[in-house]
Amino acid sequence: MTSWLKSPERGLQAVHLPLGHADYAATYRLQQHLHGLRSRDDIADSILTVEHDPVLTIGRSGSRESILVPQEVLTREGISVFEVDRGGDITYHGPGQLVVYPIVDLREQGRDLRRYIRNLEQSVIDLLADLEVDAVRRPGFPGVWVGSRKIASIGVHVRNWVTRHGIALNVDVDRFHFGMIRPCGLEIEIVSLNELTPKSFAISDLIEPHLAQLSRLFGWEVRVEDPRRHWEACR
Amino acid sequence: MGEKESREVRLPDLGAVEAFTVVQWLKVEGAEVAAGEELLEVETEKTTFVIEAPVSGRLERIVVHEGERALRDDLLAEIA
């Protein structure tokens, strides 16, 4: 059934599932569902793109100590907090942020965790370079940086060699919301793409160019698919 | 690989990973585990990775505990 996935003349196949605007908790369940399917080789590598309502998520090495405001403020702002199984500390997701969750079988990517992380970072660095924004890695601090400011955050979970979670690029995020946490448990400043460019980008402007970078780095031929059947399957 | 080696739990080859942290043991010392069963979760470079038991047996001894750092070749546990 899956021989086409590895057909040398076609390269690796991947499916883009554009979720548009979607709830964090529902998207988390969708990732788990797709992770199960990918682990059983029932689907190809799948790339979810999504924009979330404001949430704080705490990774396996984080704690609520990195939240700088009392619960009343979070409640008033409608911000939920989730403890999730990705690596890393706390982060913020919300409107104006392009979140990309690749569900990838790393056995087909050389079983190299570090290269996977580097490629995710590189996809954003190259995307930004095309927009004439000079972004870099900082050794010891995964993510993508513009000078000393962080523009993209990373956090991944791998089991059965299949990934979930991914990378989040700040395009035009609410600074007030981001100011509620110490991102990654560190005293760092966040920056959005639209602060750095004369043009104001929408999330939708960046999805295709980012997918093009991912395709190049991971050797994928990407086709788009309506995510509806997966949503229905994990309801 | 000799029988003794295969009963040692170590980080699988994940590429150029040098050091990592044990986040959580999913089995307690003394528990029976089956080969391929999820045994522990580690974290490196913002990635959590679930390690499976290399062989079936009893989780005899946990060497690197939750929250502790380890290097790539360190012994993490022994299965008897």
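Filtering segment A:9-44 to residues that are small (Gly, Ala, Ser) and outside any loop (DSSP other than H, G, I, E, B) leaves A:Ala14, A:Gly20, A:Ala25, A:Ala26, A:Gly36, A:Ser39. Scanning segment A:93-119 for residues that are within 11 Å of chain B (Cβ to nearest Cβ) and in contact (Cβ under 8 Å) with a residue 60 or more places away in the chain yields one hit, A:Gln109. Report yes if B:Val50 is within 23 Å of A:Gly59 (Cα to Cα), crowded, with 18+ Cβ neighbours inside 10 Å and either out of contact with any Lys or Arg (no Cβ under 7 Å at 6 or more places or on another chain) or modelled with pLDDT under 95 (or both), otherwise no. Criteria not met by B:Val50. Here A:Gly96 qualifies as within 26 Å of A:Leu217 (Cα to Cα) and not hydrophobic (A, V, I, L, M, F, W, C). Once segment A:151-163 is narrowed to residues that are more than 9 Å from every other protein chain (Cβ to nearest Cβ) and crowded, with 24+ Cβ neighbours inside 10 Å, the residue that is farthest from the chain's Cα centre (by Cα) is A:Ile151. Determine if segment A:67-80 includes at least one residue that is under 22 Å from B:Val50 (Cβ atoms) and not acidic (Asp, Glu). For segment A:67-80, residues under 22 Å from B:Val50 (Cβ atoms) and not acidic (Asp, Glu): absent.
Could you please let me know if A:Arg29 is more than 14 Å from chain B (Cβ to nearest Cβ), touching a strand residue (DSSP E or B) at 6+ places or on another chain (Cβ under 9 Å), under 16 Å from A:Arg229 (Cβ atoms) and among the basic types (Lys, Arg)? For A:Arg29, the condition - more than 14 Å from chain B (Cβ to nearest Cβ), touching a strand residue (DSSP E or B) at 6+ places or on another chain (Cβ under 9 Å), under 16 Å from A:Arg229 (Cβ atoms) and among the basic types (Lys, Arg) - is not met. When the strands (runs of 3 or more DSSP E) confined to segment A:63-124 are screened for residues that are surrounded by fewer than 21 Cβ atoms within 10 Å (Cβ to Cβ), those reaching at least 1 such residues are found at A:80-83.
The values are calculated or read from the model by the stated rules, or taken from the named source; none is laboratory data. As the structure is a prediction and not an experimental result, all values here were calculated from the model. Cβ coordinates were reconstructed from backbone atoms using ideal geometry, including for glycine residues, and neighbour counts include every protein chain displayed.
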